[in-house]
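The values are calculated or read from the model by the stated rules, or taken from the named source; none is laboratory data. All figures in this text were calculated on a predicted structure; none of them were measured in a lab. Glycine gets a Cβ as well: all are built from the backbone with ideal geometry, and neighbour counts include every protein chain shown.
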Amino acid sequence: MTKLKLTLATLLLSGFAFAQKTSQVFESIETNLSNYETIALEIWDLAEMGYQEYQSSNLLKARLESEGFAITSDVAEIPTAFVAEYGTDGPVIGILGEFDALPGLSQKAVPFKESADAIGGHGCGHHLFGTASLAAAVALKDWLIKTKTEGRIRFYGTPAEEGGGAKVYMSRAGLFDDVDVVLHWHPGAANQANEAAALANISGKFRFNGVSAHAAGAPERGRSALDAVEAMNYMVNMMREHVPQETRIHYVITDGGKAPNVVPDFAEVYYYSRHPSREVVRNVFDRIVLAAEGAAKGTETTMSYEIVNGVHELLPNQTLQTLVHESLSTVGGYTYTAEERAFAEQISESLNRPLDERIAKEVAPYQEASRAYGSTDVGDVSFVVPTVGFGTATWVPGTSAHSWQAVAAGGTSIGLKGMAVAAKTLALSGAKLFKNPKIIAKARAEFEERRGADFNYRPLLGNRPPALDYRN
């Protein structure tokens, strides 16, 4: 046999051996899938808001502890945040797990809009997110034991992704500093592992105090806090013409007074500002503050503001992204049952589009870049440690996040099937990294190059303590 044939034979044998070992990583997920589905649906029913996810957090912690993970609770001064770790030697692979719901999206698991007996709903599928990540962490733990591979699995219980920014505080506290790679995923309407993007974001609440008076009997004595909010909003809306075109600014008036015949002595408006660059976001938010100061001066009121959250954009890593895409392609999608198809067709009707089952069944071709629309506190993690994510079809194709359709599908077997795809993809990606430390080294080198030699991590929310009451 020639040297070439020997080399080829050796590669084929080693590849076969690795395939056998990595296939073992699925065993734990498949064996325990019904239990994971129960956990996910229980968190779906709880639908706890950001920093209020005590029961959801405890469910995940209890399962991880039963699997031999060491639990550290109340990390980064956040009662519902935690870290669960298994192993003492080798590379450290972190897996992110979210579990917060959104207010105002109460919905039953039916293909038409019908409110459930809850204050909110999992419109971003974080009940699936946290549970799939847990399943992957346990599967990797079992795989490390079976294959006698050195490595450490670290599950991060990360609350309040929806505007609360827990991962920013966790990054600031140094909880990711010794991690080699962080894996995450997100529920969605397709199976894809493209090079992701996200907008940097600073959000804040602006509070105005004025003087109350009878709006008809003595209006001259009043100084309206609501006038100040409206003046501020008018100036910011005028500013939209004079910011970079990728900028996004949105707001809601959270308190505008209580009665029309009383001049409001207090009013509050909640702002988000976004852009693909954190430096541009800083500048845009500073200009919003100037508008608030001007509004206060012009209405003879006083103003204070609180930065509620601030997140970096995502730093991509192509080395890791191609690896995860390969893993997702290996796992593949899933096929609808007749019942799931009927459900999906009704959801598609509500979206005014035909159902394309292939989107759930197939994996989208790899793309090196994508356009950013939303924001996530994963961005901060990605500037601290090489980070990679992907999405799976937990919703009916065409469904938007933060919609009743997303909540509905997430409470059915459609969401659970997408969750299983995610768990297997995370586990397979982790196993590949543990068996190929050169990939970790390559990902680190790309990370350092993209981040820049002079980079210094500086949270956009500054030194403020966690905004534990931001949903109140």
Next on the checklist: So for the range 395-416 (the condition being among the hydroxyl-bearing types (S, T, Y), in contact (Cβ under 8 Å) with a residue 40 or more places away in the chain and over 19 Å from C124 (Cα atoms)), does at least one residue qualify?
Outcome noted: no
Next on the checklist: Condition check: acidic (D, E) and in a helix (DSSP H, G or I). Does D178 satisfy that?
Outcome noted: no
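Can you pull out the residues in the range 260-277 that are surrounded by fewer than 22 Cβ atoms within 10 Å (Cβ to Cβ) and of a type outside the set (D, E)?
Within the range 260-277, the subset surrounded by fewer than 22 Cβ atoms within 10 Å (Cβ to Cβ) is 260-262, 265-266, 268, 270, 272, 276-277.
Within the range 260-277, P260, N261, V262, F266, Y270, Y272, P276, S277 meet the criteria.
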Item to check | strands (runs of 3 or more DSSP E) (entirely within the range 53-129) containing at least 1 residues that are within 19 Å of the chain's Cα centre (by Cα), touching a residue at least 12 places away in the same chain (Cβ under 8 Å) and under 16 Å from I153 (Cα atoms) | outcome: 82-86, 92-97
Checklist entry - Has the range 241-259 got at least one residue that is surrounded by 21 or more Cβ atoms within 10 Å (Cβ to Cβ) and either over 26 Å from the mean Cα position of the chain (by Cα) or part of a strand (DSSP E or B) (or both)? => result no
Checklist entry - Mind checking which residues of the range 231-240 are surrounded by fewer than 16 Cβ atoms within 10 Å (Cβ to Cβ) and out of contact with any strand residue (DSSP E or B) (no Cβ under 7 Å at 6 or more places or on another chain)? => result Y234, N237, M238
Checklist entry - Which numbered condition trips up T302, out of (1) more than 29 Å from V396 (Cβ to Cβ); (2) assigned by TED's automatic domain parsing to the domain that holds G164; (3) hydroxyl-bearing (S, T, Y)? => result (2)
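Would you pick out the residues in the range 208-222 that are crowded, with 21+ Cβ neighbours inside 10 Å and not in a loop (DSSP other than H, G, I, E, B)?
So in the range 208-222, the residues crowded, with 21+ Cβ neighbours inside 10 Å come out as 208, 210.
F208 - this is the single residue of the range 208-222 that is crowded, with 21+ Cβ neighbours inside 10 Å and not in a loop (DSSP other than H, G, I, E, B).
Just give me the residues in the range 289-346 being among the hydrophobic types (A, V, I, L, M, F, W, C) and not in a helix (DSSP H, G or I), in sequence order.
Of the range 289-346, the ones among the hydrophobic types (A, V, I, L, M, F, W, C) are 289-292, 295-296, 303, 307-308, 311, 314-315, 320, 323-324, 328, 331, 338, 342-344.
Within the range 289-346, M303, I307, V308, V311, L314, L315 qualify.
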Checklist entry - Among the residues of the range 203-217, is there at least one that is in the same structural domain as D265 (by TED's automatic domain parsing), touching a helix residue (DSSP H, G or I) at 6+ places or on another chain (Cβ under 6 Å) and under 22 Å from H275 (Cβ atoms)? => result yes
Checklist outcome for this item: Those residues of the range 47-74 that are in contact with a Phe, Trp or Tyr (Cβ under 6 Å, 6 or more places away or on another chain), crowded, with 19+ Cβ neighbours inside 10 Å and within 19 Å of Y169 (Cα to Cα) come to a total of 1
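If you go through the range 53-72 one residue at a time, do you hit one that is in the same structural domain as G415 (by TED's automatic domain parsing) and within 30 Å of S350 (Cβ to Cβ)?
Step one: of the range 53-72, the residues in the same structural domain as G415 (by TED's automatic domain parsing) are 53-72.
Next, only the ones that are within 30 Å of S350 (Cβ to Cβ) stay: 53, 56.
Scanning the range 53-72, I find at least one residue that is in the same structural domain as G415 (by TED's automatic domain parsing) and within 30 Å of S350 (Cβ to Cβ), so the answer is yes.
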Next on the checklist: Condition first: buried (at least 17 other Cβ atoms within 10 Å of the Cβ) and not in a loop (DSSP other than H, G, I, E, B). Can you find one or more residues in the range 366-378 that meet it?
Outcome noted: yes
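From the list E37, E67, E42, exactly one residue is at pLDDT 95 or above, touching a helix residue (DSSP H, G or I) at 6+ places or on another chain (Cβ under 7 Å) and farther than 22 Å from G430 by Cα. Which is it? Spell out how you get there, then give the answer.
Values: E37 fails: farther than 22 Å from G430 by Cα; E67 fails: farther than 22 Å from G430 by Cα.
Testing whether each residue is at pLDDT 95 or above, touching a helix residue (DSSP H, G or I) at 6+ places or on another chain (Cβ under 7 Å) and farther than 22 Å from G430 by Cα leaves just E42.
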Checklist entry - How many residues, within the range 285-307, are among the β-branched types (V, I, T) and surrounded by fewer than 20 Cβ atoms within 10 Å (Cβ to Cβ)? => result 3
